[in-house]
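Notes to accompany the following structure.
Every number in this text was worked out from the coordinates using simple rules, so none of it is lab data. If you're wondering where the values come from, they're calculated on a predicted model, not measured in any experiment. Cβ sites come from the backbone with ideal geometry, for glycine too, and all protein chains shown count toward neighbours.
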């Protein structure tokens, strides 16, 4: 696969995420992880979280604080729906996201560097 083809694929995936974050998450992870988005996260946060997990796109400052486990910073940056969903973020990441994508600043940096789940050399190993 050429770099140009890979860019086109990532562009199409990004368009799919914008149109249907949960469905794209299910299809790309070959799981039912999209249900976790609907259950635990505010709707306006779905696409950003899926872009981060699948493609390694750097999320906003609130989501970065959640991903690295800095809940004091997350509380400071949260809007009202996110403030009430803080427990939901922990549940979502623990149950519906690859373990290597959250938990520390190093995990965040490495996940972005590797291009998310789809850029990871061993996708099967990081799915659970």
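Angle check, please: helix 105-114 long axis (alpha carbons) against the longest principal axis of the chain (alpha carbons), in degrees 0 to 90, nearest 10.
Value to nearest ten degrees: 20.
Relative to the longest principal Cα axis of the chain, at what angle does helix 3-19 sit, 0 to 90 degrees, rounded to 10?
Between the helix axis and the principal axis of the chain, the angle is about 40 degrees.
In deg cm²/dmol, rounded to 500, what helix-only [θ] at 222 nm does the chain give when every DSSP H run of at least 4 residues adds -39500 (n - 2.57) and the total is split over its residues?
-18000 deg cm²/dmol
For residue 32 and residue 18, calculate 0.36 nm times their separation in residues minus their Cα-Cα distance, and state this gained length in nm to one decimal.
Net length gain for the segment: 3.2 nm.
Note the per residue figure in Å³ for the convex hull of the C-alpha positions in the range 9-73.
84 Å³
Over the range 36-128, what number does the Rg to Rh ratio reach, with both radii from the alpha-carbon atoms and Rh per Kirkwood?
Expressed as Rg/Rh, it is 0.94.
Could you give the angle, 0 to 90 degrees to the nearest 10, between helix 86-96's Cα long axis and the longest principal axis of the Cα atoms of the chain?
Here the helix axis deviates by roughly 30 degrees.
Would you mind ranking 71, 25, 52, 96 so that the residue whose beta carbon has the fewest other beta carbons within 10 Å leads the list?
71, 96, 52, 25
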